[in-house]
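Peer 1: Here it is, the structure, as structure tokens.
Nothing in this text is a laboratory measurement; each read-out follows from the coordinates by a stated rule. Here the structure is a predicted model, which is why all the values come from computation and not from measurement. Every residue, glycine among them, receives a Cβ derived from its backbone with ideal geometry; neighbour counts consider all protein chains shown.
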Amino acid sequence: GQQLNQSPQSMFIQEGEDVSMNCTSSSIFNTWLWYKQDPGEGPVLLIALYKAGELTSNGRLTAQFGITRKDSFLNISASIPSDVGIYFCAGQEGETSGSRLTFGEGTQLTVNP
Amino acid sequence: DAGITQSPRYKITETGRQVTLMCHQTWSHSYMFWYRQDLGHGLRLIYYSAAADITDKGEVPDGYVVSRSKTENFPLTLESATRSQTSVYFCASAKRGGPFRDTQYFGPGTRLTVL
């Protein structure tokens, strides 16, 4: 099946620092998604990317859909303590919402005040 | 607006027992999914459903059974639980239609421990 490599696996940063994480795939995806998971909760969608090269922002978050359609990155600027959690990338092969998602293994983010 | 709910939130059972995890969504989404989350594996798809009475296997279906008699419910059954099925289980739903613009929304999860 599809393989997604997400890096880094964990990050420990100081409040106010910028963060960058990325995902690469062995295959092409039509959609890239970034989710955040808080402890004891399900993943919550942060950003969805639908076109190669697309750059999308959501507040302090910015994500890009790689030109090759095999990679994506997520940046968080000026991190704050509530950014703590696990961030997952996910790739969607098909063109509708029912298409199966393949998830990366997650990046555990810790923000020290 | 209840969204998507799962029950129970926590369950402890014994090897060999049958366990059913419930998932209910109030959005009338066509698609529903079951994932399990384990350390080192991220989220892996167990089963999914495109509509009532339509289900299909995901990446790790062995040992699980699903049904979807109503659009809003998608129960997951472990017919004879094993310790390897100790995990956190997430249900998700997505609406049909409109290419690209819709995506999957997740429930809060069920933490299952098989002793």
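Peer 1: Please report how far the C-alpha centroid of the stretch B:1-67 lies from that of the stretch A:19-44, rounded to the nearest whole angstrom.
Peer 2: Here the answer is 20 Å between Cα centres.
Peer 1: For each pair in A:LYS36/A:LYS70; A:LYS51/B:LYS57; B:LYS70/B:LYS95, compute the distance between the two Cα atoms and list the pairs where it is over 25 Å.
Peer 2: Listed pairs above 25 Å: A:LYS51/B:LYS57.
Peer 1: Which whole-number percentage describes the relative contact order of the stretch B:1-99, with Cα contacts under 8 Å and a sequence gap of 6 or more?
Peer 2: Reported relative contact order: 34 percent.
Peer 1: How high is the relative contact order of the stretch B:37-94, given as a whole-number percent (alpha carbon pairs under 8 Å, six or more residues apart)?
Peer 2: Once divided by the residue count of the stretch B:37-94, the mean separation gives 27 percent.
Peer 1: In the stretch B:52-82, which trypsin sites (Lys or Arg not before Pro) are in a loop and have at most 13 other Cβ atoms within 10 Å, using DSSP for the loop call?
Peer 2: In loop regions of the stretch B:52-82 (DSSP not H, G, I, E or B), the sparsely surrounded trypsin sites (Lys or Arg not before Pro) are B:LYS70.
Peer 1: What value in Å³ per residue do you get for the convex hull of the alpha-carbon atoms in the protein assembly as shown?
Peer 2: 119
Peer 1: So what is Rg over Rh here for chain B, counting just Cα atoms and using Kirkwood for Rh?
Peer 2: Rounded to two decimals, Rg/Rh equals 0.96.
Peer 1: Expressed as a rounded percentage, what relative contact order does chain A have, with Cα pairs under 8 Å and six or more residues apart?
Peer 2: 36
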